[in-house]
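Enquirer: Before I ask anything, here is the structure I am working with.
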Amino acid sequence: MSLKRTLDGTDGSKEGATASPFICLPMFGEHKRAVSAVQLAPSRLTKDNSALCASASADGSVKIWDLGDPHSPIGKDMQEKRGTQNINDDYLLHPVATLLGHSRGINDVCWSNGVDPFVATASDDKTVRIWDAQTSDALVEFRGHDNFVFCCSFNQASNLVASGSFDETVKLWDVRSGTCVSTLPAHSDPVTAVSFNRDGTCVVSASHDGLIRVWDVATGECLKTIFAAGNPPVSHVTYSPNGKFVLAGTLDSALRLWPISVSGKSKCAKTYTSEYHTNTKYCIASRFLVSKPERRQCIVTGSESGHVILYDVQSRKVHQLLEQVHKDAVLAVDAHDQMELLASGGMSKDRSVRFWMPKDDVELAKRQRQD
């Protein structure tokens with residue numbers, strides 16, 4: 001099973017390949033309260049070998065972090081920003097933009113899939129907003145949910161935004177008009193995650209009611225309902241890159257990969273658990289790391305123990321347990337679409353946004369700089 005096969009024609013395997021372990025980069029971001037979500041910008045929005053990251057927080061802000069070329073944290077541009085500071089010391093980044101306007105905490109942030117640097121946010125003030133990340137301007141505000149809005153997602157065309165709320169509904173919003181085009185009576189408990197498939201014809205939702213539901217965007221029909229044995233609350237769900245599976249996190253400290261064919265019953269394809277993977281209280285994100293499938297195909301997730309964990313998709317084993325730099329639970333993680341670059345965010349006792357790359361990549365960049 002290769003999650004990348006239908007995207008680039010490769011089988012995602014390389015006999016005898018050894019992947020370099022991820023290390024924490026010296027630069028980091030910071031919020032005043034817990035980091036609720038992080039998302040790295042799609043590569044088409046940035047120059048070659050550069051990266052942007054959006055982070056959302058309970059402090060009511062979204063911050064945009066410019067990593068420059070993360071392969072070269074000791075490059076001249078970073079040295080100029082850091083002055084005489086030792087290149088091996090951690091240093092605080094300054095956000096290139098701060099998005100302010102929500103009256104309460106922000107639960108989720110996502111980048112659009114188009115050519116414009118737009119982000120959507122979901123907030124406890126019951127609204128969804130779309131922002132220009134370059135100018136920090138709020139462009140559209142969606143009102144209609146009756147309770148906290150917990151999650152949001154753009155479709156591939158970026159003309160629709162899906163949102164999930166504590167009011168137990170999923171709403172689909174027209175980006176241009178700012179109107180709600182569909183309200184799905186999705187669940188009987190708060191909606192914790194929404195995710196569009198690759199062609200935007202379906203959206204999947206997850207809830208504390210223990211159900212994962214796949215919806216037809218055009219008709220609003222529920223096409224499929226999935227649940228694990230024991231019906232544990234679902235804390236997160238996302239489509240796989242090839243659109244054939246959904247990955248769900250549940251409050252029994254497990255991740256499950258489900259085939260998503262509409263016909264017939266869904267049997268869980270793989271389950272991922274570890275002694276370091278604790279998830280019984282909070283909604284913790286998980287992402288696919290398949291930017292370099294010849295190196296590795298992994299699932300990245302956080303943990304209430306403060307760890308960031310990489311699971312090997314195929315073997316289900318822990319591929320790497322990242323260095324425990326966060327001082328609190330890690331609810332927010334993301335993986336870049338082209339580079340082997342990860343982002344993570346910590347809760348209230350930590351409040352930092354951290355970035356990770358393979359050790360070999362960082363050391364190679366250092367040698368090239370020195371030469």
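The values are calculated or read from the model by the stated rules, or taken from the named source; none is laboratory data. Predicted model, so just to flag it, every value in this text is computed and none were measured. For neighbour counting, all protein chains shown are included, and Cβ atoms are generated from backbone atoms with ideal geometry for every residue, glycine included. Surface areas here come from the heavy atoms of the whole protein model, side chains and all, with no ligands, DNA or RNA. Shrake-Rupley method; radii C 1.70, N 1.55, O 1.52, S 1.80 Å.
Enquirer: Which condition does THR183 not pass, out of (1) open to solvent by 50 Å² or more (accessible area, probe 1.4 Å); (2) modelled with pLDDT under 95, if it passes all the others?
Expert: Against the list (1) open to solvent by 50 Å² or more (accessible area, probe 1.4 Å); (2) modelled with pLDDT under 95, THR183 comes up short only on (2).
Enquirer: All but one of (1) on the phi < 0 side of the Ramachandran plot; (2) polar (S, T, N, Q); (3) free of Cβ contacts under 8 Å to residues at least 40 places away in the same chain hold for ASN279; which doesn't?
Expert: Exception for ASN279: condition (3).
Enquirer: Suppose the filter is open to solvent by less than 60 Å² (accessible area, probe 1.4 Å), within 30 Å of GLU221 (Cβ to Cβ), of a type outside the set (A, V, I, L, M, F, W, C) and at pLDDT 95 or above; does SER61 pass it?
Expert: Answer is no for this residue.
Enquirer: Would it be correct to say that ASN155 is closer than 21 Å to VAL115 by Cβ and either open to solvent by 20 Å² or more (accessible area, probe 1.4 Å) or out of contact with any Gly (no Cβ under 8 Å at 6 or more places or on another chain) (or both)?
Expert: no
Enquirer: Using the structure shown, decide if PRO233 is open to solvent by 20 Å² or more (accessible area, probe 1.4 Å), in contact with a helix residue (DSSP H, G or I) (Cβ under 7 Å, 6 or more places away or on another chain) and not acidic (Asp, Glu).
Expert: Judged against the criteria, PRO233 is not a match.
Enquirer: Please name all residue pairs, on different chains or six or more residues apart, with Cβ atoms under 6 Å, provided the first residue is in segment 57-71 and is in contact (Cβ under 8 Å) with a residue 12 or more places away in the chain and part of a loop (DSSP other than H, G, I, E, B) and the second residue is of a type in the set (Lys, Arg) and open to solvent by 10 Å² or more (accessible area, probe 1.4 Å).
Expert: Pairs that qualify, where the first residue is in contact (Cβ under 8 Å) with a residue 12 or more places away in the chain and part of a loop (DSSP other than H, G, I, E, B) and the partner is of a type in the set (Lys, Arg) and open to solvent by 10 Å² or more (accessible area, probe 1.4 Å), are ALA58/ARG33; ASP59/LYS32; ASP59/ARG33.
Enquirer: Against the conditions (1) at pLDDT below 95; (2) within 14 Å of the chain's Cα centre (by Cα), where does TYR239 fall short? Just the number, please.
Expert: With (1) at pLDDT below 95; (2) within 14 Å of the chain's Cα centre (by Cα) applied to TYR239, the lone miss is (1).
Enquirer: So in segment 324-371, with the set limited to residues that are charged (D, E, K, R) and in contact with an Asp or Glu (Cβ under 9 Å, 6 or more places away or on another chain), which one is nearest to ALA54 (Cα to Cα)?
Expert: Going through the qualifying residues, I end up with ARG351.
Enquirer: Just the residues that are part of a strand (DSSP E or B), surrounded by 16 or more Cβ atoms within 10 Å (Cβ to Cβ) and touching an Asp or Glu at 6+ places or on another chain (Cβ under 8 Å), please, taken from segment 139-152.
Expert: Once the filter is applied, which keeps residues that are part of a strand (DSSP E or B), surrounded by 16 or more Cβ atoms within 10 Å (Cβ to Cβ) and touching an Asp or Glu at 6+ places or on another chain (Cβ under 8 Å), segment 139-152 yields VAL149, PHE150, CYS151, CYS152.
Enquirer: Right, something else. When only residues in segment 117-138 that are closer than 17 Å to SER103 by Cα, of a type outside the set (S, T, N, Q) and surrounded by fewer than 22 Cβ atoms within 10 Å (Cβ to Cβ) count, which is nearest to the chain's Cα centre (by Cα)?
Expert: Filtering segment 117-138 down to residues closer than 17 Å to SER103 by Cα leaves 120-131, 136-138.
Among the residues that remain, those that are also of a type outside the set (S, T, N, Q) are: 120, 122, 124-126, 128-131, 137-138.
The next check asks that each one be surrounded by fewer than 22 Cβ atoms within 10 Å (Cβ to Cβ); those that pass are 124-126, 137-138.
Values: ASP124: 19, ASP125: 22, LYS126: 21, ASP137: 23, ALA138: 22 Å.
Restricting to residues being closer than 17 Å to SER103 by Cα, of a type outside the set (S, T, N, Q) and surrounded by fewer than 22 Cβ atoms within 10 Å (Cβ to Cβ), the top hit is ASP124.
Enquirer: Regarding TRP131, is this residue assigned to a strand (DSSP E or B), more than 27 Å from ASN242 (Cβ to Cβ) and among the aromatic types (Phe, Trp, Tyr)?
Expert: The answer is yes for TRP131.
Enquirer: Taking segment 158-168 as the region of interest, how many residues are surrounded by fewer than 20 Cβ atoms within 10 Å (Cβ to Cβ) and of a type in the set (Ser, Thr, Tyr)?
Expert: Residues meeting the conditions: 1.
Enquirer: Also, quick follow-up: Condition test on ILE284, is it farther than 26 Å from GLY306 by Cα, out of contact with any helix residue (DSSP H, G or I) (no Cβ under 7 Å at 6 or more places or on another chain), touching a residue at least 12 places away in the same chain (Cβ under 8 Å) and open to solvent by less than 10 Å² (accessible area, probe 1.4 Å)?
Expert: Considered against the rule, which asks whether it is farther than 26 Å from GLY306 by Cα, out of contact with any helix residue (DSSP H, G or I) (no Cβ under 7 Å at 6 or more places or on another chain), touching a residue at least 12 places away in the same chain (Cβ under 8 Å) and open to solvent by less than 10 Å² (accessible area, probe 1.4 Å), ILE284 comes out as no.
Enquirer: Oh, and also: Does any residue of segment 208-220 turn out to be more than 20 Å from the chain's Cα centre (by Cα) and modelled with pLDDT under 95?
Expert: Taking segment 208-220 and keeping what is more than 20 Å from the chain's Cα centre (by Cα), we get 209-211, 215-220.
Filter once more, keeping what is modelled with pLDDT under 95: none.
Checked against the condition, which is being more than 20 Å from the chain's Cα centre (by Cα) and modelled with pLDDT under 95, segment 208-220 yields no hits at all.
Enquirer: I'd like to check which strands (runs of 3 or more DSSP E) are fully inside segment 252-371 and have at least 3 residues that are modelled with pLDDT of 95 or more and not hydrophobic (A, V, I, L, M, F, W, C).
Expert: 270-272, 342-346, 352-358
Enquirer: Would you check which residues across segment 78-116 are open to solvent by 30 Å² or more (accessible area, probe 1.4 Å), at pLDDT 95 or above and in a loop (DSSP other than H, G, I, E, B) and list them?
Expert: If the condition is that a residue be open to solvent by 30 Å² or more (accessible area, probe 1.4 Å), at pLDDT 95 or above and in a loop (DSSP other than H, G, I, E, B), then HIS94, PRO95, VAL96, GLY101, SER103, ARG104 are the ones that fit.
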